[in-house]
Amino acid sequence: LFWKFTIGMVLVVVLFGSINVILVHRIIFSSLEDELKHRGEFMSEIISQQATTHVLKGDIDALIVFIDEVKSLDTAIEYILVSDANGKVIAHTFDSVLPAELLDVHSGGQTNEVRTAYVNLKGVENVAIRDISVPLLDGSVGYLRLGITEEIISRTLGQATQTLLGMILILILISLLGTFIFSYLVTSPIKDISQIAENLNMQSIREKNVMFASRYPSRAGRLMKTLPGDEIDILVAKFNEMVFRLQQAYDELEVAQRKLVQSEKLASIGSLAAGVAHEVNNPLAGIMNCIARMKKNPENRKEAEKYLDLMEEATGKMETVIKNLLNFARKPDNSKTAIIIEPVVENALALASHRLKKNNIRITFDNHAEQRYFRANANQLEQVLLNLFINSADAIEEMMEKQPNLSGKLIVCSRPLDEGRRLLIEITDNGIGIPDENMNKILDPFFTTKAVGKGTGLGLSVSMNIIQEHGGDMEIVSQFRKGTTVRIILPGIL
Ligand SMILES: Nc1ncnc2c1ncn2[C@@H]1O[C@H](COP(=O)(O)OP(=O)(O)OP(=O)(O)O)[C@@H](O)[C@H]1O
Ligand SMILES: [Mg+2]
């Protein structure tokens, strides 16, 4: 914008300046020429009267003295010469010989009128000389010729041109300064805005360090703020408002996402409810059985002790199941701590255990990550793994409907990647697999192929969110009717 303004301004100034110079030139030239013409004619009329007297008297010496005197009185007079009726020069103001170029100035011979012609004299270069020829007594006595230099015209024109050019130069400088100030006031906030817009990405919003545009980026601000606001101020204010609202919207989105993660978690707890009830029910039935037997035979201390041990074991089991579930269900907490993967996988397997047992799924867990610590939120990772295990259980169940003798397999494998900088967790099942046409939809929220009430379609999308929030990635490879592998890569191994 600065260069466009500058070039535009300079072009305008130069164009108008040139037009001005030409017009002024013309006006000065024509008015000075008129003036010089009248002056020359007037002077030559007066001089010719006196000169006629001298010629008539035949006093050539007096004539010479007279014309020399007249010439010395006016610097505009370049020469005066007097010729007789035949055109022979009888007196002139030149110190030496009469210049030859003056002889045939008025072509067509002498006449009775006042005539004007232009002469270029040697030694008086670049300046035209107006030669006025006046007949003395209608030419019967002779002719007087007056050479008036037009130097004054060229001098005046030169001065005017110089002044105008100087003015144009000053105008160019002023317009440059003007465009500089203007473009500073207009373009610097726009530059600021575009720079901020360019750097405004998800990361800066997430880290809450979005920048706001300022109208006057430097110290000039305090002075300029005293001026009334204009459209650019409105633009800057609206932009800042937009950035602020974007940040606010992101904060709201973050809250909504956290709520979604929690709701998804509660939904999966709902789907586990039957299994959990079953797992609590079995030891409970055992306890009730023990109580019934002890009541039947209250005297038998030895038997009672055996039953009490069994009851203790059963309550222990119940406690573990409930503790696991409560741990998993606890309120969302985003903090990441140094954890190891093994207990996370074990807990998720425990939560899904009933669901996996129901379909006789064989579980293999190969942990090659040993005791490596990495930064993560254990509860959220548990949620991800539980989602994947339940998906696998569902897929295997669906496959079993088509192939009843299938023995379901779920393989969990964890190992370090990239020389121990990242952790890979791989979950493989031999379930129904995902048809190609669904591959790019499975991560969409609410996409499900499961019956109404069985799946919400949030499992994978929430899991993906959690993994990405950890700076990791989740990749799903599947072959329809063969099985599925989900690969999770997590950074941050300590
Ligand atoms: N291991 C898998 N094998 C086969 N298909 C799968 C597997 N995991 C996911 N899918 C397919 O992807 C879809 C979406 O999975 P997602 O976990 O997001 O939702 P859902 O399991 O249907 O419901 P929710 O998990 O909310 O109860 C599933 O409906 C299923 O069709
Ligand atoms: Mg699911």
Given charges of +1 on the Cβ of Lys and Arg and -1 on the Cβ of Asp and Glu, with all other atoms neutral, how large is the dipole of the range 446-494 about its Cα centre, in debye to the nearest 20? 380
How much length is gained if the chain between ALA285 and ASP138 is pulled fully straight, taking 0.36 nm per residue apart and subtracting their Cα-Cα distance, in nm to one decimal? 37.3 nm
Keeping all protein chains in the complex and leaving out DNA, RNA and ligands, what accessible area do you get for LEU98 with a 1.4 Å probe, in Å² to the nearest 10? 40
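For the range 394-483, state the semi-axes of the equivalent ellipsoid (square roots of 5 times the eigenvalues of the alpha-carbon gyration tensor), sorted largest first and rounded to whole angstrom. It would help to have the intermediate numbers written out before the result.
Values: eigenvalues 125, 70, 23 Å².
Its equivalent ellipsoid spans semi-axes of 25, 19, 11 Å.
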Roughly how large, in nm² to one decimal, is the mean projection of the convex hull of the alpha-carbon atoms in the range 118-261? 18.6
For LYS295, list the aspartates and glutamates whose Cα falls under 20 Å from its own Cα; do not include residues on the same chain fewer than 8 positions away. GLU303, GLU305, ASP309, GLU312, GLU313
Let's test the formula: R0 of 51 Å, r as the Cβ-Cβ distance of ARG421 and ILE322. What FRET efficiency results, to the nearest 0.05? 0.85
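If I take R0 = 56 Å and measure r between the Cβ atoms of VAL89 and LEU11 in this structure, what FRET efficiency does the formula 1/(1 + (r/R0)^6) give, to the nearest 0.05? Intermediate results must be reported in sequence, preceding the final value.
On the way: r = 57 Å, r/R0 = 1.01.
With R0 = 56 Å, the Cβ-Cβ based efficiency is 0.50.
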As computed over the range 347-402, the Cα convex hull volume per residue (Å³): 82
Cα pair distances exceeding 22 angstrom across the range 339-494, given as percent: 38
Contour minus Cα-Cα distance for ILE27 and GLU299 (0.36 nm per residue): 83.9 nm
With no solvent and one point on each alpha carbon, what is the Debye value of log10 I(q)/I(0) for the chain at q = 0.10 Å⁻¹? -0.93
Per DSSP, the loop-located GluC sites (Glu not before Pro) within the range 68-159 having at most 13 other beta carbons within 10 Å are GLU113, GLU125
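Below 8 Å between Cα atoms, with a sequence gap of 6+, how large is the relative contact order for the chain in percent?
Relative contact order, the chain: 9 percent.
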Run the numbers for ALA273 and SER407: contour at 0.36 nm per residue of separation, minus the present Cα-Cα distance, in nm. 45.8 nm
How many angstrom lie between the C-alpha centres of the range 420-494 and the range 73-122? 112
As a Kirkwood estimate from alpha-carbon pairs, the range 55-173 has a hydrodynamic radius in angstrom of 16.0
Using a 1.4 angstrom probe and counting only protein chains, how large is the accessible area of SER392 in Å², to 10? 10
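Hey, which of these cross-link pairs are over 27 Å Cα-Cα: LYS323/LYS357; LYS296/LYS357; LYS323/LYS441; LYS358/LYS450; LYS88/LYS122; LYS336/LYS358?
The answer is LYS296/LYS357; LYS323/LYS441; LYS336/LYS358.
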Any idea what the alpha-carbon Rg over 2.2 N^0.38 Å comes to for the range 285-420? 1.41
17 Å reach of a label modelled at ARG245, 7 Å along Cα-to-Cβ, counting backbone N of the range 173-214: 197, 212-213
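The values are calculated or read from the model by the stated rules, or taken from the named source; none is laboratory data. Note that the structure is predicted; figures quoted are calculated from it, not measured. Don't worry about glycine lacking a Cβ; one is built from the backbone with ideal geometry, like all the others, and counts go over all protein chains shown. Note: accessible area is taken over every heavy atom of the protein model, side chains too, but ligands, DNA and RNA are not part of it. Shrake-Rupley method; radii C 1.70, N 1.55, O 1.52, S 1.80 Å.
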